[in-house]
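Below: the structure, in structure tokens.
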Amino acid sequence: RLQFAVLREALDLVQSGVISKEGIDDVMKYGLGFRYACLGPLEVSDFGGLDTFYHISSYLMKDLCNSGDVPELMKQHYDAGEYGVKSSAGFYDYSGDKAQQATKARDEKFLKLYHALYE
């Protein structure tokens, strides 16, 4: 559920023109993702200060996407038969050997992160 809540918000931000698909992926990889690889969301809140998170929540929560529908941006790709790596197209282009390269790069990043965190 958490993963899809993040995805719903990310797609809403991209579709609304607030940020690009590359930008939202960078935010998650180099900001939240890096942080959440070390601490869970409740630990992050404790370290950031519940008073700070409370005050931010008081104005930000009303702007978060809370739609129960499949995000339109996802529906557009689905309707076009663009299912991601397995169909050579999705939010990104995986034609030719790009899928193999992307998979290799993903696996290398996971291993580096694993080694950095757990060895």
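The values are calculated or read from the model by the stated rules, or taken from the named source; none is laboratory data. Here the structure is a predicted model, which is why all the values come from computation and not from measurement. Note that each Cβ is placed from the backbone with ideal geometry, even for glycine, and that neighbours are counted across all protein chains shown.
Tabulated data for the structure shown
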| read-out | value |
| --- | --- |
| Some residue of region 18-29 being closer than 30 Å to HIS115 by Cβ and assigned by TED's automatic domain parsing to the domain that holds LYS109 | no |
| Condition broken by ASP25, with the remaining ones in (1) assigned to a loop (DSSP other than H, G, I, E, B); (2) modelled with pLDDT of 95 or more; (3) under 18 Å from the mean Cα position of the chain (by Cα); (4) not basic (Lys, Arg) satisfied | (1) |
| Qualifying residue in region 100-119 (condition: charged (D, E, K, R), outside any helix (DSSP H, G or I) and within 27 Å of TYR36 (Cα to Cα)) | yes |
| Qualifying residue in region 61-81 (condition: in a helix (DSSP H, G or I), within 28 Å of ALA116 (Cβ to Cβ) and not assigned by TED's automatic domain parsing to the domain that holds LYS109) | no |
| Among the candidates PHE53, PHE91, residue that is of a type in the set (Phe, Trp, Tyr), part of a loop (DSSP other than H, G, I, E, B) and either closer than 25 Å to SER16 by Cα or touching a Phe, Trp or Tyr at 6+ places or on another chain (Cβ under 6 Å) (or both) | PHE91 |
| Conditions (1) in contact with a Ser or Thr (Cβ under 6 Å, 6 or more places away or on another chain); (2) in contact (Cβ under 8 Å) with a residue 24 or more places away in the chain; (3) of a type outside the set (Val, Ile, Thr); number of the one not met by PRO71 | (1) |
| Hits in region 7-39 (condition: acidic (Asp, Glu) and surrounded by fewer than 14 Cβ atoms within 10 Å (Cβ to Cβ)) | GLU22, ASP26 |
| Matching option when the condition is more than 16 Å from the chain's Cα centre (by Cα), closer than 22 Å to ALA10 by Cα and touching a residue at least 12 places away in the same chain (Cβ under 8 Å), among ALA37, ALA102, ALA80 | ALA102 |
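For (1) surrounded by 10 or more Cβ atoms within 10 Å (Cβ to Cβ); (2) basic (Lys, Arg); (3) in the same structural domain as SER20 (by TED's automatic domain parsing), each residue gets a yes or a no:
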residue	(1), (2), (3)
PRO41	yes, no, yes
SER45	yes, no, yes
LEU50	yes, no, yes
TYR54	yes, no, yes
GLY90	yes, no, no
GLU119	no, no, no
